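> Starting off with a structure, shown below.
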Ligand code: UDP
């Protein structure tokens with residue numbers, strides 16, 4: 001089995017590459033290092049079954065070569081992070097829309113290769129009364145187009161529509177995975193993700209920057225759980241043409257998360273509440289609560305997250321201490 005991972009030098013991509021190489025698979029990674037890093041895959045480079053290409057998924061020639069040489073594509077290359085998307089709206093839309101179009105087009109043309117599409121819980125948009133957790137078939141509720149954040153949800157939704165269209169019209173085998181907040185070693189806080197930011201702030205005894213009132217809640221999943229679910233779904237025939245949530249339904253408020261990080265790092269940091277508009281952009285909208293309904297993935301592959309919040313934080317703290 002020869003595997004191509006787009007965005008394989010990124011946070012989830014590098015863990016996926018590592019796991020697949022350890023399983024004895026031939027893994028090729030393409031990454032333009034816009035948000036990924038060579039550091040994430042440097043330890044894999046000496047393995048004969050691993051190859052890294054520095055390049056863009058928009059490069060037609062390179063993509064033709066890489067897709068024709070593989071049996072399956074894990075398409076993870078995308079703009080990541082709320083902050084990154086707000087700071088780089090053009091690049092984010094372009095890479096999500098044109099990049100995915102290119103991957104699907106090549107996979108279809110060069111032997112109908114299976115494509116695993118990494119999507120996101122941002123797809124669901126804002127939470128709303130009456131909905132406690134998001135199911136794959138739920139409606140989506142987005143804000144206006146002048147708020148950049150929502151472009152990410154739209155561009156990823158277009159990826160999903162296109163992948164499903166390829167499945168229906170061309171019989172291209174695809175599976176769509178909607179990752180909820182995923183964390184672990186190698187994740188950087190540079191693009192806005194809360195856990196690496198809090199851990200770094202706490203280790204440096206700096207202010208912990210809680211945005212808004214901190215009563216918003218999220219459900220965090222260890223990247224190891226995400227990778228296991230990703231591979232199991234990619235190996236499933238039943239998952240073809242389907243969309244799956246991948247997440248850990250245990251929820252925590254951002255205030256509680258900040259307190260936990262301070263306690264676990266034995267930090268003397270204090271919590272500072274920062275208005276959203278100062279942290280992101282004017283008119284910024286956050287979702288108050290976001291929780292995955294994982295009954296669909298549980299039914300198919302028996303998925304059950306194995307790592308609780310404390311494990312996730314322990315691993316991230318050790319990573320940053322190193
Ligand atoms: N957040 C925060 N401080 C930070 C970074 C993020 O309070 O330094 C908040 C953010 O506003 C959101 C939550 O933490 O309510 C999760 O943010 P993240 O960007 O990690 O993920 P997402 O917003 O996509 O759920």
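> Based on other C-beta atoms within 10 Å, arrange 145, 175, 6 from fewest to most.
145, 175, 6
> Give the relative contact order (percent, whole number) for the chain; include only Cα pairs under 8 Å separated by 6+ residues.
Relative contact order for the chain comes out at 17 percent.
> Continuing with the same structure: Express in nm, to one decimal, how much length is gained between residue 97 and residue 161 on full extension, taking 0.36 nm for each residue of separation and deducting their alpha carbon distance.
Stretched out fully, the residue 97 to residue 161 stretch lengthens by 22.0 nm.
> Let me ask something additional. How tilted is helix 149-170 with respect to the longest principal axis of the chain? Cα atoms for both, answer in degrees (0 to 90, nearest 10).
20 degrees
> Could you put 11, 303 in order, starting from the residue whose Cβ has the fewest other Cβ atoms within 10 Å?
Exposure proxy ranking, most exposed first: 303, 11.
> How far, in degrees from 0 to 90, does helix 194-203 lean away from the longest principal axis of the Cα atoms of the chain, to the nearest 10?
With both axes taken from Cα atoms, the answer is about 50 degrees.
> Using 1/(1 + (r/R0)^6) with R0 = 30 angstrom and r between the beta carbons of residue 260 and residue 135, what's the FRET efficiency to the nearest 0.05?
Working from the Cβ atoms, E equals 0.60.
> Counting only C-alpha contacts under 8 Å and six or more residues apart, can you give the relative contact order of the range 1-106 as a whole percent?
Result for the range 1-106 is 31 percent.
> OK, next. Once you have a ≥ b ≥ c as the square roots of the Cα gyration tensor eigenvalues for the range 1-115, tell me rounded if a/c is under 1.5, and otherwise prolate or oblate according to whether a/b is larger than b/c.
Judged from the Cα gyration tensor, the range 1-115 comes out oblate (a/c at least 1.5, b/c at or above a/b).
> Ok, one more. Cα centroids of the range 255-322 and the range 112-126: how far apart, whole angstrom?
The range 255-322 and the range 112-126 have Cα centres separated by 21 Å.
> Calculate the spin-label point distance for residue 320 paired with residue 112, positioning each point 7 Å from the Cα along the beta-carbon direction, and give it in nanometres.
For residue 112 paired with residue 320, the spin-label model returns 4.8 nm.
> What is the antiparallel percent of DSSP beta bridges lying wholly in the chain, to the nearest 5?
10 percent
> Can you classify the range 56-171 as rounded, prolate or oblate using the Cα gyration tensor, where a ≥ b ≥ c are the square roots of its eigenvalues, rounded means a/c under 1.5, and otherwise it's prolate if a/b beats b/c and oblate if not?
Oblate.
> I've got another one for you. With a point put 7 Å past each Cα toward its Cβ, work out how far residue 286 is from residue 240 in nm, to one decimal.
For the pair residue 286/residue 240, the computed spacing is 4.3 nm.
> Taking the Cβ of each residue in 297, 5 as the centre, tally the other Cβ atoms inside 10 Å and list the residues starting with the fewest.
The fewest-first ordering by Cβ neighbours comes to 297, 5.
> Here's a follow-up. Is the chain rounded, prolate or oblate when judged by the Cα gyration tensor, a ≥ b ≥ c being the square roots of its eigenvalues, rounded requiring a/c under 1.5 and prolate requiring a/b larger than b/c?
prolate
Every read-out reported here was derived from the displayed coordinates using simple, explicitly stated rules and does not represent laboratory data. Keep in mind that this is a model prediction, so the values were computed, not measured. Positions of Cβ are generated from backbone atoms using ideal geometry, with glycine treated the same way; all protein chains shown enter the neighbour counts.
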